[in-house]
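The values are calculated or read from the model by the stated rules, or taken from the named source; none is laboratory data. As the structure is a computational prediction, the values presented were derived from the model and not from experiment. Cβ: placed from backbone, ideal geometry, glycine included. Neighbour counts: every protein chain shown. Protein only, heavy atoms only, side chains kept; ligands, DNA and RNA dropped before computing areas. Shrake-Rupley method; radii C 1.70, N 1.55, O 1.52, S 1.80 Å.
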Amino acid sequence: MFRQLAASLEQAGWTPDAFDLADEPDRRTQRPFQAEAFAEAMAGANLSDLPRLHRQRSPAYVFAAGLLATPRLSPTLDFGQLPASDLEVPFGLADALCELFRPVYAAVSFRDPDAAEPLPGRISSGRLVHRYGFEVVPPRCYVGAELLDNFDLPALRDLGVDVTPTDWGAVRLDALKGPWAVPSAELSAQLQRLGAYFAERGLMGDYSRALVKKAGANWKPVQAT
């Protein structure tokens, strides 16, 4: 798995600079990344030693493999701000990572590169969504078989959502086709429309209190501990 992870990052042009393991939080334990050395380190690691990959060059990012928990791993990749011309790359990378890790739910989010205060983007497995439903609607998400009963796919198509079954059993939902290339005002309006649609159907979770979250009224949860 981790050899394939390294290959996917390299193919995207996002080769890491360094890596460490989850039980080595001190930055000084980061090791220079070389694909073979990384694969060998992971082959000899304990089951709980999940990697973090770091890249300081543009595009900068941190990848964390997540937690050993059910139903599956929960990887996250936080990347720095990208120019509009490069935004398609993390969407292709998300396809590769999700095929590798096969999360129950995953999402890709980014901020408008032309915004006054642009923020980083993220590819994440959104573990809280398993239990509570959406907090916000992302430009792209991947919905595993365990969660598909929550979604009316024909209705989403009617709303303009690009619905694409994957080879690994999930369904990929793009708010609009090629969301990285959609003008920001148009994408924002579509995300608001979808948020209203999901709220009306009881699929938006209540995240207003950090310690006491509530599932959407009609959200069918998957427990992930």
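Rolling a 1.4 angstrom probe over the protein chains, ignoring ligands and nucleic acids, what is the accessible area of ASP49 in square angstrom, nearest 10?
20
So how much accessible area does MET42 have, in Å² to the nearest 10, using a 1.4 Å probe?
20
Quick check on the stretch 87-225: take the gyration tensor over C-alpha atoms, sort the square-rooted eigenvalues as a ≥ b ≥ c, and tell me if it's rounded (a/c under 1.5), prolate or oblate.
rounded
Report SER85's accessible area, 1.4 Å probe, all protein chains in place, as a number in Å² to the nearest 10.
Rounded to the nearest 10, that gives 100 Å².
Taking only DSSP H segments of four or more residues, each worth -39500 (n - 2.57), what value at 222 nm results for the chain once the sum is divided by all its residues, to the nearest 500 deg cm²/dmol?
-8000 deg cm²/dmol
Can you give the angle from 0 to 90° between the axis of helix 88-101 and the longest principal axis of the chain, with both taken from C-alpha atoms, to the nearest 10?
80
Could you tell me which of PRO165, ALA175, VAL143 has its Cα farthest along the dipole of the chain towards the positive end, charges placed at Cβ (Lys, Arg +1; Asp, Glu -1), taken about the Cα centre?
Positive-end residue among those listed: VAL143.
Taking Cα atoms, how many degrees apart are the long axis of helix 184-200 and the longest axis of the chain, rounded to 10 and kept between 0 and 90?
Roughly 70 degrees between the two axes.
Taking springs between alpha-carbon atoms closer than 10 angstrom, which of TRP180, TRP14, TRP168 fluctuates most in the Gaussian network model of the chain?
Of TRP180, TRP14, TRP168, the Gaussian network model singles out TRP168 as fluctuating most.
Taking only Cα atoms, what is the 0 to 90° angle, nearest 10, from helix 2-11's long axis to the longest principal axis of the chain?
Around 80 degrees separate the two axes.
Can you tell me the accessible area per residue over the chain, all protein chains present, probe 1.4 angstrom, in square angstrom?
Here the residues of the chain average 51 Å² of exposed surface.
For the chain, give the percent of accessible area contributed by carbon and sulfur heavy atoms, probe 1.4 Å, rounded to a whole number. Walk me through the numbers before you get to the answer.
Working: 5940 of 11490 Å².
The value for the chain is 52 percent carbon and sulfur by accessible area.
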